[in-house]
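Structure first, then comments.
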Amino acid sequence: MTSHPATRLPVSLLDRANTIEGASEAEVLRGVIARAQRAEQLGYSRFWVAEHHGVPGIAGSTPTLLMSAIAAATDRLRVGSGGVMLPNHQPLVVAEQTATLQALFPGRIDLGLGRSVGFTPAVRAALRRDKEAAQQFPQDLAELLGFLGGTGPFTARPQDHAATPVFVLATGQGLRWAAEAGLAVVVGGPSLYQRGGEAGHEGLARYRRDFRPSPWFAEPYVIVSANLAVADTREAARDLVLPEAWALAQSRVKGEFRALEPARDVRAVMRGECDAGSVTDRDRRRVEENLASGIHGTPDEVREAVESLVDFTGADELLVTGGMSDPAGQRRSDELVAGLFA
């Protein structure tokens, strides 16, 4: 596999608009826009937002609306979705919203698509969808591309003329669908860190082999996403990612993803130093597993880990993800990451 030096990678940010204890949801959303403005100044390539419904720990529910606000507040930064969950929507509506954004902010809009449906029966009912809606993703994707590319049963307005790059948040079958449609892919998750001695990512090798050029991409394009935090010490970097790792672990027990707590409070709970219910060894293992499914450390440690990840995947771009409850620490991390790669 050809080695891609990590220091030459385009680097982008995904902000899920995680809620933070003590901050209102409006403050969180304004913070996302402010972070995007800083990202532009730091030289990041893209800034993406995501779609979640009815999640107490996430304020970002409508990516296209938030994209519009971010694009209006920046000048050069590419703005996109990571992603719009296509099974939740009619393909025509997604195409019209995307094309409208592209018309208003030409050359700056990306469309990342996922295939998840609402996490609870109540959310799925409110969206007028069921679990089986995800199985329609290939057909919905083809219909959406028809509207964006001008080959649909009628002309969607405004016309996009395939100007908006389309990315698939892909695992398994998603990689095959993206290859057949000639789209870029975004890959992430624990499999990137549990490699079992493999020389390269088999799914991405198949994606590149089976890729068919399209109006959107002439060649395969791979974005690798990673929960990533950098600080001046390894302990400080761990504190940045610990609150989300804890929230994810607790969601397995309590059934919902809650607002991120300060790292010092999470440490106290895990050590049994406060009256917040018993913490089991299984809880602690889940937290450590979540921490291991990402990258955190000093600049040198993170550079080495990212270079290994890029070598394994052959990635063309790095998408930095992960929520933090420490705004100042997040700003510092963004600055350090930009200094390393952007």
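The values are calculated or read from the model by the stated rules, or taken from the named source; none is laboratory data. These numbers come from a predicted model, not from an experiment. Cβ coordinates were reconstructed from backbone atoms using ideal geometry, including for glycine residues, and neighbour counts include every protein chain displayed. Accessible surface is based on the protein model in full, side chains and every heavy atom, while ligands, DNA and RNA are left aside. Shrake-Rupley method; radii C 1.70, N 1.55, O 1.52, S 1.80 Å.
Go through (1) in contact with a strand residue (DSSP E or B) (Cβ under 6 Å, 6 or more places away or on another chain); (2) modelled with pLDDT of 95 or more and name the single condition His161 misses.
(1)
Quick one: would you say Arg212 is farther than 30 Å from Gln330 by Cα, of a type in the set (Lys, Arg), outside any helix (DSSP H, G or I) and at pLDDT 95 or above?
For Arg212, the condition - farther than 30 Å from Gln330 by Cα, of a type in the set (Lys, Arg), outside any helix (DSSP H, G or I) and at pLDDT 95 or above - is met.
Identify, please: which residue in segment 216-269 is of a type in the set (Val, Ile, Thr) and in a helix (DSSP H, G or I) and is, among those, modelled with the lowest pLDDT?
The extreme case among them is Val253.
Which of the residues belonging to segment 125-171 are basic (Lys, Arg) and within 24 Å of the chain's Cα centre (by Cα)?
Step one: of segment 125-171, the residues basic (Lys, Arg) are 128-129, 131, 157.
Selection gives Arg129, Lys131.
Can you name every residue in segment 6-47 that is hydroxyl-bearing (Ser, Thr, Tyr) and either touching a helix residue (DSSP H, G or I) at 6+ places or on another chain (Cβ under 7 Å) or surrounded by fewer than 16 Cβ atoms within 10 Å (Cβ to Cβ) (or both)? Break it down stepwise before answering.
Our first condition is that a residue be hydroxyl-bearing (Ser, Thr, Tyr); within segment 6-47, this holds for 7, 12, 19, 24, 44-45.
Thr7, Thr19, Ser24, Tyr44 - these are the residues of segment 6-47 that are hydroxyl-bearing (Ser, Thr, Tyr) and either touching a helix residue (DSSP H, G or I) at 6+ places or on another chain (Cβ under 7 Å) or surrounded by fewer than 16 Cβ atoms within 10 Å (Cβ to Cβ) (or both).
Please work out if Gln102 is in a helix (DSSP H, G or I), touching a strand residue (DSSP E or B) at 6+ places or on another chain (Cβ under 8 Å) and either open to solvent by 10 Å² or more (accessible area, probe 1.4 Å) or closer than 14 Å to Leu148 by Cβ (or both).
yes
Regarding segment 42-61, can at least one residue be identified that is closer than 19 Å to Leu144 by Cα, assigned to a loop (DSSP other than H, G, I, E, B) and among the acidic types (Asp, Glu)?
Yes, segment 42-61 contains a residue that is closer than 19 Å to Leu144 by Cα, assigned to a loop (DSSP other than H, G, I, E, B) and among the acidic types (Asp, Glu).
Matching residues to (1) closer than 30 Å to Ala184 by Cα; (2) open to solvent by less than 60 Å² (accessible area, probe 1.4 Å):
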site: Arg252; (1), (2): no, no
site: Arg267; (1), (2): no, no
site: Val279; (1), (2): no, yes
site: Arg285; (1), (2): no, no
site: Ala292; (1), (2): yes, no
site: Ser333; (1), (2): yes, yes
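Could you give me the residue pairs with C-beta distances under 6 Å whose first residue belongs to segment 8-36 and is in contact (Cβ under 8 Å) with a residue 24 or more places away in the chain, whose second residue is open to solvent by 30 Å² or more (accessible area, probe 1.4 Å) and among the polar types (S, T, N, Q) wherever it lies, and which are 6+ apart or on separate chains?
Between residues of segment 8-36 that are in contact (Cβ under 8 Å) with a residue 24 or more places away in the chain and residues that are open to solvent by 30 Å² or more (accessible area, probe 1.4 Å) and among the polar types (S, T, N, Q), the close pairs are Pro10/Ser45; Ser12/Ser45.
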